[in-house]
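Inspection log for the structure reproduced underneath, given as structure tokens.
The values are calculated or read from the model by the stated rules, or taken from the named source; none is laboratory data. Source: prediction; values computed, not measured. Every residue, glycine among them, receives a Cβ derived from its backbone with ideal geometry; neighbour counts consider all protein chains shown.
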């Protein structure tokens, strides 16, 4: 699995609209089309390249695999349980899993992380729909807020757009719960794309690794054959802390009583190091779980993020 | 601590301003809802200790600055007791006179008298109120003033102290106090004072105080010696004389020693060093206040010539400058002198070569002197000869005249003295090329000369020599007034016919009537000297005068171009030396004992082609060298000289209190020690600047974080 990052430090490529410009467009559908057209010029637009019904490989059995898929001949030969992998006879399912907790609503300039996730998700849904594949959507905070099962029916994409447009940031975060729920709902090999700021998703230990429920859940999904990608979205303020004054910081999510009074310039350098370490920990955790990790700042053009994502996927298939 | 303007201390309330600003600043913090609180709190934990420390330091620095300002304006001061003159606390004009004479270099404890005096003078300058006008002078003879005009710039005076070092010159308080009085005459202050820092040695006050009879400034003496007794032993003089009894190159070194102590000195070690190597050592006992002598015989090496430093030193005491004394000796190259006796007599003391040869043998012990009659001399006789003296020779033969011309042109020296036998016509004809001036008629003096004190009156009419010109190298080593020469009487002498002016010819000595007495001429590489009288007592009493020996010796050295076994000129520290340019020399360089080099250019020379060198403030040997027009450097050993201590500085006798120029203040018993005010605002200002710098650095670091 590949990993990557897209930030706003470099000027966007010509023709790619930045998030603020995209927000001026009338509807999410229009934004999705704009993003896709901007991102896919010159790139093959198949999100699931190489689909077929032929047997491709064996892999070791993992809890949750269907018993009927076990290759008993291989078991006899190797004394281990192997599952036959076939290219699917039907369309590929894509799950768009969006964190809609209160922290995703942080915005000082530009758009919020939830809006940014909506732009990316809508573009991906539009693209998948264009390929005739099924798209599903799951919005969560500390519980599953909305779930739209994957489907290729007409109107599915429009429904996805509607849910995304009406989503409001609220509540605390529990991404592990949402992914666990998703694992229960699907037994079909799927592409699961999680978009979150991942804040408060790891134990509060300075210098600690990204361990806990969410990485374990990601590893579980991968073990069950799902293709998982994680879009780690952060506001530029959460990367740089570019404030000049004495500030009284307060937590955003309900029940978060944490506060801090500090001269922001005093903290900036340490904060930047901490933010970098935070991303590095998640990058390492994803690598360990064979999950594709993509970091994106909310001031980066979504089309650029999408283009990098697709280009990496195509490259991975070719190799 | 006291304050000149205590009411301004109310401004200290400003010190709470930084605290108020800090508290108000906390209240006006912007609230912000922030998602990444976890990262923020981790960052805060990381830097909180450092940040808090910096905030506290910043607060302290700002509080310090706010408090320092009113403190500075309140003019704080402290009062300290002082042993420096209390008179310094008044508004006044003051001249600091620092005794930098040789005796001040003696040590007392860990520091020298001079260092003590300089430190106290410096402390006094700091103690003066800021509106005092100051000047700074030195008390050693011939020293230049350090700050010769009154100025309120205390820093300048303090800086001037940094460059002052103790000299080896004697003190001259009369001159220093006179200069100080003149400086103070233009003062705008009613109080005018001279502060003299000295050890109160009697030496240096011989010429009085130098103060004007009326309206003299007040003199305040700071006796840095504390009137502590000073016991000293000194080498007063070193005399180096030829000592043929010691063999070739033998010298006798006679050292005069003195004891200036109450108990006298037993077994005082006296050593002789030649060229820095100890060659002899002895011991002497000296009674209190006694002067004694120690004589050393030594044979100098290097018969082919060379310079030697002879030094006598005694066991060291607190005053080291007079524990050794130097002499510089030139060992002559072998000099071979042929004296041609033109008027042989049976009585030895009537014979001219007797006086001339005796002077030569005593003046130049290494010289080989041969005396021949005129008939015995042939041109071959000149082989191996460096100097030929023709004394009262009737007439040189044509062959001899030719041989002499070749001899002189090749670098030989020729000395000619006249007498009754000389045939001027033949001489002028055959020796025209060699004679500095043509010979004329003999002349007999017609009047009695002036009488010198203590002189036995001779009833014969006579001439005397005119005052000598010491700028001529031949006469440079004679005393200033030519003692030993100018007392000589000349009953008869030969007039010399006029000769055209020429750079090769010069008159060295003249009679009082202007007639030439001793004339020289450069011929080729050699030189000819003509004395227009006899070298016996027939025409003059010069041969029995004390100046005859040095005159013959110097003449021989000059004619041959070498120096003799003889002590080089010895000066006392502070005395000047005349240095002469010869030939086409463009530059004279003097290497001082401290390694520095003094340079005189031809353009600076007087009409007599000489310059005055007066920077004799260091003891030791001064070497002279000349630089020609093509840049070639030639040593001039005949102009080398040594500088020794003025022995008055060795005498620890203190100045008679009756002669002191100050009014000695007597402190009343039980009186409180005087206090002086030390202003503290400078220090506070420095602290404030430091705090401001700290504040700037801390603020800058915060911006960078």
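Restricting attention to the range B:16-74, the residues that are away from chain A (no Cβ under 14 Å) and in contact with a strand residue (DSSP E or B) (Cβ under 7 Å, 6 or more places away or on another chain) add up to 1. Within the range B:104-127, being more than 25 Å from residue B:218 (Cα to Cα) and touching a strand residue (DSSP E or B) at 6+ places or on another chain (Cβ under 7 Å) holds for B:105, B:106.
Scanning the range B:140-159 for residues that are in a helix (DSSP H, G or I) and surrounded by fewer than 19 Cβ atoms within 10 Å (Cβ to Cβ) yields B:154, B:155, B:156, B:158, B:159. Of everything in the range B:454-482 that is out of contact with any strand residue (DSSP E or B) (no Cβ under 9 Å at 6 or more places or on another chain) and either under 28 Å from residue B:503 (Cα atoms) or modelled with pLDDT of 80 or more (or both), the residue that is surrounded by the fewest Cβ atoms within 10 Å (Cβ to Cβ) is B:480. Would you check if residue A:244 is more than 9 Å from chain B (Cβ to nearest Cβ), more than 25 Å from residue A:114 (Cβ to Cβ) and in contact (Cβ under 8 Å) with a residue 12 or more places away in the chain? It is true that residue A:244 is more than 9 Å from chain B (Cβ to nearest Cβ), more than 25 Å from residue A:114 (Cβ to Cβ) and in contact (Cβ under 8 Å) with a residue 12 or more places away in the chain. Looking at this structure, is residue B:557 in contact (Cβ under 8 Å) with a residue 60 or more places away in the chain, part of a strand (DSSP E or B) and under 28 Å from residue B:489 (Cα atoms)? Judged against the criteria, residue B:557 is not a match. The strands (runs of 3 or more DSSP E) located wholly in the range B:588-652 that include 1 or more residues which are touching a helix residue (DSSP H, G or I) at 6+ places or on another chain (Cβ under 7 Å) occupy B:610-613, B:620-627. Of all positions in the range B:60-80, none carries a residue that is over 28 Å from residue B:680 (Cβ atoms) and outside any helix (DSSP H, G or I).
Of the candidates B:444, B:370, B:386, B:425, the single residue that is surrounded by fewer than 22 Cβ atoms within 10 Å (Cβ to Cβ) and under 12 Å from residue B:337 (Cβ atoms) is B:370. Of everything in the range B:571-592 that's more than 19 Å from residue B:477 (Cβ to Cβ) and modelled with pLDDT under 90, which residue is surrounded by the most Cβ atoms within 10 Å (Cβ to Cβ)? Filtering first and then ranking leaves B:585. The condition of being in a loop (DSSP other than H, G, I, E, B) and out of contact with any strand residue (DSSP E or B) (no Cβ under 6 Å at 6 or more places or on another chain) holds for only one of B:88, B:130, that being B:130.
Whether a residue is over 30 Å from residue B:646 (Cα atoms) and at pLDDT below 85 was assessed, and residue B:62 does not pass this test. Against the list (1) within 14 Å of chain B (Cβ to nearest Cβ); (2) crowded, with 22+ Cβ neighbours inside 10 Å; (3) assigned to a helix (DSSP H, G or I); (4) modelled with pLDDT of 90 or more, the condition residue A:286 fails is (1). Hey, any hits in the range B:601-608 for a residue that's modelled with pLDDT under 90 and surrounded by 16 or more Cβ atoms within 10 Å (Cβ to Cβ)? Yes, there is a match, as at least one residue in the range B:601-608 is modelled with pLDDT under 90 and surrounded by 16 or more Cβ atoms within 10 Å (Cβ to Cβ). Considering only residues in the range A:257-283 that are more than 7 Å from every other protein chain (Cβ to nearest Cβ), under 26 Å from the mean Cα position of the chain (by Cα) and surrounded by 17 or more Cβ atoms within 10 Å (Cβ to Cβ), the one that is farthest from residue B:41 (Cα to Cα) turns out to be A:283. Scanning the range A:242-280 for residues that are more than 21 Å from residue B:51 (Cα to Cα) and outside any helix (DSSP H, G or I) returns A:251, A:252, A:253, A:254, A:255, A:256, A:257. With the structure loaded, tell me whether residue B:297 is touching a strand residue (DSSP E or B) at 6+ places or on another chain (Cβ under 6 Å) and buried (at least 22 other Cβ atoms within 10 Å of the Cβ) or whether it fails that test. Considered against the rule, which asks whether it is touching a strand residue (DSSP E or B) at 6+ places or on another chain (Cβ under 6 Å) and buried (at least 22 other Cβ atoms within 10 Å of the Cβ), residue B:297 comes out as no.
The residues on offer are B:87, B:29, B:94, B:67, and the sole one that is in the same structural domain as residue B:686 (by TED's automatic domain parsing) and over 17 Å from residue A:246 (Cα atoms) is B:67. Selection of the range B:524-559 for residues being surrounded by fewer than 23 Cβ atoms within 10 Å (Cβ to Cβ), modelled with pLDDT under 90 and under 14 Å from residue B:412 (Cβ atoms) yields B:524, B:525, B:558.
Listed residues B:103, B:88; which is at pLDDT 90 or above, surrounded by 18 or more Cβ atoms within 10 Å (Cβ to Cβ) and either under 32 Å from the mean Cα position of the chain (by Cα) or away from every other protein chain (no Cβ under 14 Å) (or both)? Result: B:103 is the single residue among B:103, B:88 that is at pLDDT 90 or above, surrounded by 18 or more Cβ atoms within 10 Å (Cβ to Cβ) and either under 32 Å from the mean Cα position of the chain (by Cα) or away from every other protein chain (no Cβ under 14 Å) (or both). With respect to (1) more than 28 Å from the chain's Cα centre (by Cα); (2) modelled with pLDDT under 90, the lone exception for residue B:267 is condition (2). Please work out which residue is nearest to the other protein chains (Cβ to nearest Cβ), limiting yourself to the range B:1-15 and to residues that are touching a strand residue (DSSP E or B) at 6+ places or on another chain (Cβ under 7 Å) and surrounded by 14 or more Cβ atoms within 10 Å (Cβ to Cβ). Top of the filtered list is B:9. Sub-8 Å Cβ pairs linking a first residue in the range B:131-160 that is on the phi > 0 side of the Ramachandran plot to a second residue that is modelled with pLDDT of 90 or more, at least 6 apart or interchain, are B:142/B:169; B:142/B:172, ordered by first then second residue. For the range B:389-406, a tally of residues being assigned to a helix (DSSP H, G or I) and buried (at least 24 other Cβ atoms within 10 Å of the Cβ) returns 1. For the structure I just gave you, tell me whether residue B:75 is touching a helix residue (DSSP H, G or I) at 6+ places or on another chain (Cβ under 9 Å), outside the structural domain of residue B:118 (by TED's automatic domain parsing) and within 30 Å of residue A:249 (Cβ to Cβ). No; evaluated as a whole, the condition is false for this residue.
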